[in-house]
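Only one structure is covered here, and it is reproduced in the block below.
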Amino acid sequence: MKTNPLSLPKSLESIIVTVLRMAIGWHFLYEGIAKLVLGTWSSQSYLANTTGALSSFYHWLAASPAIGLIDWLNIVGLILIGLALFLGCFTRVASIAGALLLLLYYFAYPPFGLSLLTSTGEGHLYIVNYQLFEAFALALLACRTDTGFGVGPWLASLLKNRAPSPEAQGSRREAIKHLAAIPALGLISWGAYANNRRYGIDVMSGATIQLNRQDLPDLKGTLPKGKIGQHELSRLILGGNLIGGWSHGRDLLYTDQLFKAYNTERKVYETLMLSEAAGINAINIGFPSNELLRKYKKATGSKIKVITQIAADVKDESTLFDNLYSAIDFGVDIIQIQGNWVDWMTRDNHIDRIGRLLSKIREEGFTAGLGAHTIDALIACQEAGIIPDYYMKTMHHDRYWSAHPRENRIPFEQDGPTSLDHNKYHNNIFCPYPDRTVEFVSKSPVPVMGFKVLAAGAIHPSDGIYWAFENGADFVCVGMFDFQIVEDVNICIDVLQELKETGARSRSWL
């Protein structure tokens, strides 16, 4: 019987199958370990936002009280399938399980209906993506009798409590081939560990992201800058609430989860890169977002200025500076006491702790900011002689539908319970006394950063940004989705130019 002259030598075929099996196995294993090490990973947002014919099934899983078990099974499945494929043991079972798991991923976000001009993060796809390709490859492996070199024969012998048969053992050269997966796994694992220690991320999740720059040619000019301490900052600063998932959605209960589902890590990176390309060089974040910003800066080499908000535990004197020291460890640029905490410490007669914390920030060599929602807090600090390097104050007017009547507003209500009475506070207003705020800002001896200038989406950017700058803000901090950045930068440029030409702003720039 003649052999096909185009067929591969048996040994070369085994090597190719082995490399294919190990490559897919490493993909599974690394995904599983990454999710395990992250600690806070959950599939809930992934499942809740699925599309396609099976979306109701995935949505049911997302809403299940057993979502923690689902996450655990996903992680364990990825790790066990990955190990089995990489090492070449229980290959048929691992191949079938891996193919089924990949198909579950595939039908969660099937690549159907995209045009030739539409690109996902993986490229231009229609029907076929890497998940489907790997599933077919695993199905092929499950059907083969020769699944390449691996530790399977030795493991089978150990389970039977006897030495490997001569057929399983083969020559010493064959034994080395079968055991080669073990040192290969150690070498690749060490490389991944070393990369993580250096960058804190998988390389593919950071520096290789390509920014969609299609809106950048629409920029009207260069975004003006100002200074706070030694830091030169763009007049428009990116707010971190949309990244952190704090939507202030009033009585819309789903918006926090919606923001988190949209702002995946990749989307956050794209948003930050677009912001910097548009001239925004600073972001003001809540403390939980520090890890993500540190990761982003390591991944991209970004020079974006990170202004972080810190808390101060007023119940335990010994932990007053803990948040501050953690922020320093994250490598932030500017530190401010979060507005909620300034309000609370003022309300509860702990102004002395505000002063001590502010002094400690400066002692550590950082520009020190003081935030607040209720203007009474900043007035009280000023009267106590506590003057920061800059104020961060909510600054918006109250000419919008959901603002409750002024006569019903109470100092510090932003930090208390919400009311079901439409005429009282319900996460709907953040600068309760605009006139008093404007008066305070007009006399401020230090720069003022206005935030919540759009009242969490109730005021149009052209209106809110203009009002804040006109009434004395030196910088405005605005939460923006990626698709809003260029438009808001242009609005800021136009507003600043108009104020310069008309002289409508009475306060000098600080």
Inset, instruction - For segment 224-502, compute Rh as the Kirkwood radius over C-alpha pairs and then the Stokes-Einstein diffusion coefficient at 10 °C and 1.306 mPa s; write the answer in µm²/s, rounded to an integer. - result: 84 µm²/s
Inset, instruction - Would you mind ranking Ser359, Ser95 so that the residue whose beta carbon has the fewest other beta carbons within 10 Å leads the list? - result: Ser359, Ser95
Inset, instruction - Under 1.5 on a/c is rounded, so check that first for segment 257-412, then, if it is not, pick prolate when a/b is larger than b/c and oblate when it is not; a ≥ b ≥ c are the square roots of the alpha carbon gyration tensor eigenvalues. - result: oblate
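What shape does segment 363-510 have by the C-alpha gyration tensor, where a ≥ b ≥ c are the square roots of the eigenvalues, rounded means a/c under 1.5, and otherwise prolate means a/b greater than b/c and oblate the rest? Spell out each step's value before the answer.
On the way: a/c = 1.60, a/b = 1.08, b/c = 1.48.
In terms of gyration-tensor shape, oblate.
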Inset, instruction - Give me the aspartates and glutamates in straight-line cross-link reach of Lys225: C-alpha distance below 19 Å, same-chain residues under 8 apart excluded. - result: Glu276, Asp333, Asp389, Glu470, Asp474, Glu487, Asp488, Asp494, Glu498, Glu501
Inset, instruction - In debye, nearest 20, what is the charge dipole magnitude of segment 224-502 about its Cα centre with +1 on Lys and Arg Cβ and -1 on Asp and Glu Cβ, if you could check? - result: 440 debye
Legend entry - Met395, Met22, Met273 arranged by Cβ crowding within 10 Å, fewest neighbours leading: Met273, Met22, Met395
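Arranged by the count of other C-beta atoms within 10 angstrom, fewest first, what order do Ile410, Ile79 take? Show your work: numbers first, answer last.
Numbers: Ile410 11, Ile79 18.
Ranking Ile410, Ile79 by Cβ neighbours within 10 Å, fewest first, gives Ile410, Ile79.
Just in segment 240-337: which chymotrypsin sites (Phe, Trp or Tyr not before Pro) are loop by DSSP and have at most 11 other Cβ atoms within 10 Å?
Here the sparse-neighbourhood loop sites are Tyr254.
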Inset, instruction - Please state, rounded to one decimal and in Å, the Kirkwood hydrodynamic radius that segment 263-320 gives when every pair of distinct Cα atoms enters the mean of 1/r. - result: 12.7 Å
Legend entry - Positive-end extreme of charge dipole, segment 224-502 - chosen from Tyr269, Pro224, Ile351 (charges on Cβ): Tyr269
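Give Lys295/Lys424; Lys303/Lys424; Lys267/Lys360; Lys297/Lys424; Lys260/Lys500; Lys305/Lys443 a once-over and call out the pairs whose C-alpha atoms are over 32 Å from each other.
Lys295/Lys424; Lys303/Lys424; Lys267/Lys360; Lys297/Lys424; Lys260/Lys500
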Inset, instruction - May I ask you to list the trypsin sites (Lys or Arg not before Pro) in segment 290-351 that are in a DSSP loop and have at most 13 other Cβ atoms within 10 Å of their Cβ? - result: Lys303, Lys315
Legend entry - Using alpha carbons only: equivalent-ellipsoid semi-axes of segment 278-359, gyration tensor based, whole Å: 27, 13, 9
Inset, instruction - Could you please report the charge total around Asn408, scoring K, R as +1 and D, E as -1 over all other residues with beta-carbon less than 11 angstrom from its beta-carbon? - result: 0
Legend entry - Cα lying deepest toward the dipole's positive end in segment 224-502, options Phe440, Thr308, Ala377, charges on Cβ: Thr308
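Readers should treat all values here as calculations from the given coordinates under stated rules, not as data from a laboratory. Everything numeric in this text was worked out from a predicted model, so none of it was measured. Reconstructed Cβ throughout: ideal geometry from the backbone, glycine too, with neighbour counts over all protein chains shown.
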